[in-house]
Amino acid sequence: MQTNKIIIHDQNCTGCLTCQLICSFTHRKIFNPSEAFIRIQTIDHTKKISFTSECNNCGLCAKYCLYKALERVEE
Ligand code: SF4
Ligand code: SF4
């Protein structure tokens with residue numbers, strides 16, 4: 001079975017939160033960044049991206065990230 005791996009490029013993240021909105025809408029049926037399975041933190045003025053244990057690697061967040069901060073690789 002083909003699965004996705006999401007490679008993170010923190011340095012490209014603008015904090016736009018598009019990834020969180022598409023994730024929460026798709027998987028929780030609500031537009032709410034805090035309900036997403038991807039986290040965007042700001043630490044010392046830089047972004048830090050991480051995934052919760054609920055992330056299923058669907059790849060949608062990477063597809064909709066316009067800034068190349070998330071890269072989907074099919075395995
Ligand atoms: S990872 Fe991409 S979509 Fe998500 S906040 Fe950063 S720039 Fe926006
Ligand atoms: S890969 Fe899918 S489930 Fe995981 S954070 Fe991205 S959109 Fe959400």
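The table for this structure:
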quantity: Gain on full stretching of the segment that runs from Tyr67 to Cys16 - 0.36 nm per residue minus C-alpha separation; calculated: 17.4 nm
quantity: Residues in the stretch 57-75 reached by a label modelled at Phe25 [backbone nitrogen below 16 Å; 7 Å Cα→Cβ]; calculated: 59-66
quantity: Low-density loop positions, trypsin sites (Lys or Arg not before Pro), the stretch 1-37 - DSSP coil, at most 16 other Cβ in 10 Å; calculated: Lys29
quantity: Cys with no candidate disulfide partner in the chain (beta-carbon separation under 4.7 Å rule); calculated: Cys13, Cys16, Cys23, Cys55, Cys58, Cys65
quantity: The stretch 4-74: radius of gyration over Cα atoms, expressed as a fraction of 2.2 N^0.38 Å; calculated: 0.99
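Quick note: the coordinates plus some simple rules give every number you see, no bench work behind them. What you are looking at is a predicted structure, and each value in this text was computed from that prediction instead of being measured. Cβ sites come from the backbone with ideal geometry, for glycine too, and all protein chains shown count toward neighbours.
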